[in-house]
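Trainee: Next up is a structure, given as structure tokens.
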Amino acid sequence: MSESPAEITLAMMRETLYTAVVCDALDGLGLRHQSPRLPLAPVTVEGVLVGRCRTSLWADMAHVDPDPYALELEAVDNCQPDDVLIAAAGGSMRSGIWGELLTTAARNSGCVGAIIDGAVRDVSKMRQMQFPVYARGMSPYDSLNRQRVVDIDIPVELDGVTFSPGDLVFADIDGIVVVPQNVEAEAIAAAWKKVHDEDRTRDAIRDGMSATAAFEKYGVL
């Protein structure tokens, strides 16, 4: 099957799609910078994370926070099923801004994963929870009086790539890719078709066809 079904659900995407093929589909639509070139690695579990962006913007600080944790708690409590929490912290390693308690609260709200452009902590406990987290690295420091959320549910940037609330986001061992809502249907349909075209190409090569002949026949590499 190469044609897209009438509806491609998130469950179907998780089963079939992955970041590289989604990037290829976006390339084909002229959107060639939808994946941040940042070392955002899976620190808890591997697999394919797919969901909708729930965004937060973070800033470093060096003073006593008059209202600690307020916006980050609001962001977590506002999560909806299938949300992925995006923490745009500019790669700061000043503290571990995501950990076990936020993971527990986010998961209770239906959140399916977190992408942290900064540091996290409580990694062993999050691994036990099997909650997908992507981050720059780890830090044992608490965020209190070191970093705070300054805005939520707004467009944020990671390496110049815009993540807007509600955008579709994919993450796996290869990286992160975000699909703008205005091209989502077209991009996902193209990615779906390419996955199945790749399956035919791979089968043909396994059956003895040369890579050149397979590419000439199927147009997929």
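Trainee: Measuring with a 1.4 Å probe in the full set of protein chains, what accessible area per residue, in whole Å², belongs to the range 5-143?
Mentor: Each residue of the range 5-143 exposes 45 Å² on average to a 1.4 Å probe.
Trainee: By its C-alpha gyration tensor, with a ≥ b ≥ c as the square roots of the eigenvalues, how is the range 79-136 shaped: rounded for a/c under 1.5, else prolate for a/b larger than b/c, else oblate?
Mentor: oblate
Trainee: Give me the accessible area of Thr104, 1.4 Å probe, in Å² rounded to the nearest 10.
Mentor: Using a 1.4 Å probe on the heavy atoms, I get roughly 50 Å².
Trainee: Ok, one more. Could you check what % of the DSSP bridge pairs in the range 70-173 are antiparallel, to the nearest 5?
Mentor: Within the range 70-173, antiparallel bridges account for around 20 percent of the total.
Trainee: Which residue, Arg206, Arg94, Arg107, has the most motion in a Gaussian network model of the chain that connects Cα atoms within less than 10 Å?
Mentor: Arg206
Trainee: Further, regarding this structure: Which FRET efficiency value, to the nearest 0.05, is calculated for Asp159 and Glu186 with the Förster distance at 25 angstrom and r the Cβ-Cβ distance?
Mentor: 0.55
Trainee: Another question about this same structure. In µm²/s, what is D for the chain at 20 °C and 1.002 mPa s, where D = kT/(6 pi eta Rh) by Stokes-Einstein and Rh is the Kirkwood radius from Cα pairs?
Mentor: D = 117 µm²/s.
Trainee: So, with a 1.4 angstrom probe, what is the percent of accessible area on the range 28-173 that is carbon and sulfur?
Mentor: The C+S portion of the solvent-accessible surface of the range 28-173 is 50 percent.
Trainee: Which order do the peptides 129-136, 141-148 take when ranked by the mean count of other beta-carbon atoms within 10 Å per residue, highest first?
Mentor: 129-136, 141-148
Trainee: Right, here's the next one. May I have the pair-distance distribution P(r) for the range 134-174, computed from all Cα-Cα distances with 5 Å bins from 0 and rounded to whole percent?
Mentor: 5, 14, 17, 25, 20, 16, 2
Trainee: Same structure again: Grab the other residues whose beta carbon is less than 14 angstrom from that of Arg32, score K and R as +1, D and E as -1, and report the net.
Mentor: -2
Trainee: Regarding the range 83-174, what is the average projected area of its C-alpha convex hull, in nm²?
Mentor: Dividing the Cα hull surface by four gives the mean projection, 5.9 nm².
Trainee: Which three extents, in angstrom, do the Cα atoms of the range 1-51 have along their principal axes, listed largest first?
Mentor: So the three principal-axis extents are 35, 28, 16 Å.
Trainee: Ranked highest first by the average count of other Cβ atoms within 10 Å around their residues, in what order do 109-116, 158-165 fall? Walk me through the numbers before you get to the answer.
Mentor: On the way: 109-116: 22.9, 158-165: 16.5.
Packing proxy ranking, top to bottom: 109-116, 158-165.
Trainee: Okay, moving on. Can you give the % of DSSP beta bridges in the chain that are antiparallel, to the nearest 5?
Mentor: On the way: 19 of 37 bridges.
Roughly 50 percent of the DSSP beta bridges within the chain come out antiparallel.
Trainee: Follow-up question, since we're still on this one. Return the distance in nm (one decimal) between the two label points of a simple spin-label model at Ala70 and Ala11, each offset 7 Å from Cα along Cα→Cβ.
Mentor: Taking the simple label geometry, Ala70 and Ala11 are separated by 4.1 nm.
Trainee: Using only protein heavy atoms and a 1.4 Å probe, report how much of His63 is accessible, in Å² to the nearest 10.
Mentor: Estimated to the nearest 10 Å², His63 gives 110 Å².
The values are calculated or read from the model by the stated rules, or taken from the named source; none is laboratory data. Computed from a prediction, not measured in an experiment: that's the story for all the values here. Neighbour counts run over all protein chains shown; Cβ positions are idealised from the backbone, glycine included. To get the accessible areas, we keep the full protein, side chains included, count just its heavy atoms, and leave off ligands, DNA and RNA. Shrake-Rupley method; radii C 1.70, N 1.55, O 1.52, S 1.80 Å.
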